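First up is the structure itself, then whatever we jot down about it.
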Amino acid sequence: MSNKPYSRWQKVSLLAAGAGLGAVLSLSFNATADKEASSNPLPIDELRAFSTVFGLIKQSYVEPVEDKKLINEAIKGMVSGLDPHSSYLDEEAFKDLKVNTQGEFGGLGLEVNMEDGLVRIVSPIEDTPAYRAGIKTGDYIVKIDDLQVQGLSLNDAVSKMRGKAGTTVTLTILRKGEPKPLVMTLKRAIIKTQSVKSKLAEPGYGYIRITQFQEKTTENLALAIEALYKENKTPLKGLVLDLRNDPGGLLDGAVGVSAAFLPKDALVVYTEGRTADAKIKLTASPQYYQRDSGKDYFKNTPKDVKTVPVVVLVNGGSASASEIVAGALQDHKRALVVGTQTFGKGSVQTILPIDAKSALKLTTARYFTPNGRSIQAKGITPDIVAEEATLNGKEDNGFRLREADLGRHLDNPTDKEAGKTSPAPSEAPKATAKPAAKAASSAESEENPRELASKSDYQLQQALNVLKVQHLLLSKPASK
């Protein structure tokens, strides 16, 4: 998850030059760099080994290699060895990142990472070629056209999937339960993602889906809330906030969405890192989520949105910013969380520009819920577990990989057993609901199982049932 630059970050610059066995490696540190790092002596033996390897490649590799390529690949390897979410962004990757957060980019519409040398699908983005083709969370891409993914970097694989709108790309996909690879041909498109969608699920009950946290998510959420109240004509009885398969996004978007339902200045999330600048507390205050300081996004939202019963829907594809929102509303007892265990990405990535064309996406902090829970490698445990189901009634989340399954993932500082064991009894869900094992019969379910606020959406129906029970309890006269 990329983080809006709330603070000044120290810079470290790497300068390398030379050729042959006598290659010279020079490191220069900014005077404001982390004191602990600058006070420790440089690892001379390791730097000498690096210089030797650099020289051997320049001297003996089968083909000539440019210094620039060697240094860039060394940087990529150094950063990728830290954790699954840190990476070096070259010119193309840096440009893609800036475009993605603005909600418009070219390609297939996939949120991906690299696992065991393969591209793993974190989540297909709704209303994109990948989503319409039926690509699922947990799928692995093994070939892009005729090119094997094994051996490619994540940036290279993503670059191969991007292209001019209207052109096609063929993906070979491994999926658990399928006897042989799936081959899908997709047509690339200019993807304009609508991060907030809303609908009256039933009279009196609103439904809001957030597909990704982008620059305008908070503003669009405010407009969606206003529209629901206007359409319903009377105050809502309950509201479902659907964060399923939302891979996250901008941190200020998560703060803004939380602020819509929390009291002003309530703590949403705080972060802990090694530097003073990485230790921040973000509250439900406009300064932490409004990009336009002169505009109050929630000026016209009804006052009772702060008290209307809320259910947050989550699953194994809910990650990062989604988990911040779910955790904040859960800790403040502002909402019940319904669904399945979330992904467990509890770290903050900061974009540190290197120059005008490249940057470092670096994990700089862990984030914590208002009650001090770390989500890292654990996720949010729902108050009520409602299992997912495919069209044939079988559970659809058995093959979901989570943060704890990724190599080199950060540990959870508040729960050392996170990702290794089941939740402790004190954290056990209050109730569990499972879908009936029956085939889908309606044409609507067969054609579009994730239609907005669909009657065939089992988890959504369970969320609505929870809200109806809450409404009955709240409207019941108090006993004398």
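The values are calculated or read from the model by the stated rules, or taken from the named source; none is laboratory data. Keep in mind the model is a prediction, meaning the values are calculated, not measured. Methodologically, a virtual Cβ is constructed for each residue, glycine included, from the backbone with ideal geometry; neighbour enumeration extends over all protein chains shown. When the accessible area is computed, the model is the full protein with side chains, heavy atoms only, and any ligands, DNA or RNA have been set aside. Shrake-Rupley method; radii C 1.70, N 1.55, O 1.52, S 1.80 Å.
Tally up the residues in the range 152-163 that are under 18 Å from S87 (Cα atoms), outside any helix (DSSP H, G or I) and without any contact (Cβ under 8 Å) to a residue 60 or more places away in the chain, please.
So the first thing to find is which residues in the range 152-163 are under 18 Å from S87 (Cα atoms), and the list is 152-160.
Those left that are additionally outside any helix (DSSP H, G or I): 152-153.
Next, from what is left, pick out any that are without any contact (Cβ under 8 Å) to a residue 60 or more places away in the chain: 152.
Adding up the residues that qualify gives 1.
Is it the case that the range 171-186 has a residue that's under 22 Å from E451 (Cβ atoms), touching a helix residue (DSSP H, G or I) at 6+ places or on another chain (Cβ under 7 Å) and surrounded by fewer than 19 Cβ atoms within 10 Å (Cβ to Cβ)?
Narrowing the range 171-186 to residues under 22 Å from E451 (Cβ atoms): 184, 186.
Restricting the remaining residues to those that are touching a helix residue (DSSP H, G or I) at 6+ places or on another chain (Cβ under 7 Å) gives 184, 186.
With surrounded by fewer than 19 Cβ atoms within 10 Å (Cβ to Cβ) added as a condition, the list becomes 184.
Scanning the range 171-186 turns up at least one residue that is under 22 Å from E451 (Cβ atoms), touching a helix residue (DSSP H, G or I) at 6+ places or on another chain (Cβ under 7 Å) and surrounded by fewer than 19 Cβ atoms within 10 Å (Cβ to Cβ).
Filter the range 309-324 down to the residues that are buried (at least 23 other Cβ atoms within 10 Å of the Cβ), in a loop (DSSP other than H, G, I, E, B) and either among the hydroxyl-bearing types (S, T, Y) or in contact with a strand residue (DSSP E or B) (Cβ under 8 Å, 6 or more places away or on another chain) (or both) and list them by number.
If we filter the range 309-324 for residues that are buried (at least 23 other Cβ atoms within 10 Å of the Cβ), which is where we start, we get 310-324.
Add one more test, that the residue is in a loop (DSSP other than H, G, I, E, B), and what stays is 315-320.
Of everything in the range 309-324, those that are buried (at least 23 other Cβ atoms within 10 Å of the Cβ), in a loop (DSSP other than H, G, I, E, B) and either among the hydroxyl-bearing types (S, T, Y) or in contact with a strand residue (DSSP E or B) (Cβ under 8 Å, 6 or more places away or on another chain) (or both) turn out to be N315, G317, S318, A319, S320.
Can you tell me which residue among Q194, Q212 is touching a strand residue (DSSP E or B) at 6+ places or on another chain (Cβ under 7 Å) and open to solvent by 20 Å² or more (accessible area, probe 1.4 Å)? Can you show your working first?
On the way: Q194 fails: touching a strand residue (DSSP E or B) at 6+ places or on another chain (Cβ under 7 Å).
Step by step, each of Q194, Q212 is checked, and only Q212 is touching a strand residue (DSSP E or B) at 6+ places or on another chain (Cβ under 7 Å) and open to solvent by 20 Å² or more (accessible area, probe 1.4 Å).
Counting only residues that are open to solvent by 100 Å² or more (accessible area, probe 1.4 Å), at pLDDT 90 or above and not aromatic (F, W, Y), how many does the range 61-105 have?
Going through the range 61-105 one residue at a time, the tally reaches 7.
Out of curiosity, is K95 without any contact (Cβ under 8 Å) to a residue 40 or more places away in the chain and within 24 Å of the chain's Cα centre (by Cα)?
Yes.
Residues checked against (1) within 25 Å of the chain's Cα centre (by Cα); (2) in a loop (DSSP other than H, G, I, E, B); (3) modelled with pLDDT under 85:
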{"position": "Y367", "(1), (2), (3)": "yes, no, no"}
{"position": "P382", "(1), (2), (3)": "yes, yes, no"}
{"position": "L410", "(1), (2), (3)": "yes, yes, yes"}
{"position": "D415", "(1), (2), (3)": "yes, yes, yes"}
{"position": "A418", "(1), (2), (3)": "yes, yes, yes"}
{"position": "S441", "(1), (2), (3)": "no, yes, yes"}
{"position": "R450", "(1), (2), (3)": "yes, yes, yes"}
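Under 6 Å between Cβ atoms, which residue pairs at least 6 apart in sequence (or on different chains) link something in the range 108-132 that is within 12 Å of L171 (Cβ to Cβ) with a partner that is part of a loop (DSSP other than H, G, I, E, B) and of a type in the set (S, T, Y)?
So the pair list comes out as I121/T137.
Pairs needed: first member in the range 37-66, among the hydroxyl-bearing types (S, T, Y); second member anywhere, part of a loop (DSSP other than H, G, I, E, B) and open to solvent by 80 Å² or more (accessible area, probe 1.4 Å); C-beta distance under 8 Å; at least 6 residues apart or different chains.
T52/L21
Go through (1) outside any loop (DSSP other than H, G, I, E, B); (2) modelled with pLDDT under 80; (3) under 27 Å from V196 (Cβ atoms); (4) not aromatic (F, W, Y) one by one and return the number of the condition S426 breaks.
That leaves (3) as the condition not met.
For the range 225-284, name all the residues that are under 18 Å from T211 (Cα atoms) and of a type in the set (V, I, T).
I225, V240, V255, V257
Do we have any residue at all in the range 86-108 that's acidic (D, E) and farther than 24 Å from Q214 by Cα?
Here is the first cut: in the range 86-108, the residues acidic (D, E) are 90-92, 96, 104.
Remaining after also requiring farther than 24 Å from Q214 by Cα: none.
Within the range 86-108 (the criterion being acidic (D, E) and farther than 24 Å from Q214 by Cα), the answer is no, since none of the residues qualifies.
I want to confirm something. Restricting to the range 325-359 and keeping residues that are hydrophobic (A, V, I, L, M, F, W, C), surrounded by 20 or more Cβ atoms within 10 Å (Cβ to Cβ) and closer than 17 Å to L97 by Cβ, which single residue is nearest to the chain's Cα centre (by Cα)?
Among those that are hydrophobic (A, V, I, L, M, F, W, C), surrounded by 20 or more Cβ atoms within 10 Å (Cβ to Cβ) and closer than 17 Å to L97 by Cβ, it is V348.
Going by the conditions given, is K299 basic (K, R), at positive phi and not in a strand (DSSP E or B)?
Working: basic (K, R): yes; at positive phi: no; not in a strand (DSSP E or B): yes.
In short, no.
I need the full set of residues from the range 366-390 which are aliphatic (A, V, I, L, M) and open to solvent by 10 Å² or more (accessible area, probe 1.4 Å), in order please.
Residues of the range 366-390 that are aliphatic (A, V, I, L, M), as a first pass: 375, 377, 380, 384-386, 389.
The answer is I384, V385, A389.
Which numbered condition trips up G138, out of (1) assigned to a helix (DSSP H, G or I); (2) at pLDDT 85 or above; (3) buried (at least 19 other Cβ atoms within 10 Å of the Cβ)?
Failing condition for G138: (1).
If I filter the range 142-151 for residues that are in a loop (DSSP other than H, G, I, E, B) and surrounded by 15 or more Cβ atoms within 10 Å (Cβ to Cβ), do I get at least one hit? Quick ask: steps written out before the conclusion?
Within the range 142-151, the subset in a loop (DSSP other than H, G, I, E, B) is 145-146, 149-151.
Still in the list and also surrounded by 15 or more Cβ atoms within 10 Å (Cβ to Cβ): 149.
Within the range 142-151 (the criterion being in a loop (DSSP other than H, G, I, E, B) and surrounded by 15 or more Cβ atoms within 10 Å (Cβ to Cβ)), the answer is yes, since at least one residue qualifies.
Need the failing condition index for F54 against (1) within 18 Å of the chain's Cα centre (by Cα); (2) farther than 18 Å from P247 by Cβ, just the number.
(1)
Answer yes if at least one residue in the range 289-303 is of a type in the set (F, W, Y), touching a strand residue (DSSP E or B) at 6+ places or on another chain (Cβ under 6 Å) and under 30 Å from T137 (Cβ atoms), and no otherwise. Reasoning before the result, please.
Applying the first criterion (of a type in the set (F, W, Y)) to the range 289-303 yields 289, 297-298.
Imposing the further condition that a residue be touching a strand residue (DSSP E or B) at 6+ places or on another chain (Cβ under 6 Å) reduces the set to none.
Within the range 289-303, not a single residue is of a type in the set (F, W, Y), touching a strand residue (DSSP E or B) at 6+ places or on another chain (Cβ under 6 Å) and under 30 Å from T137 (Cβ atoms).
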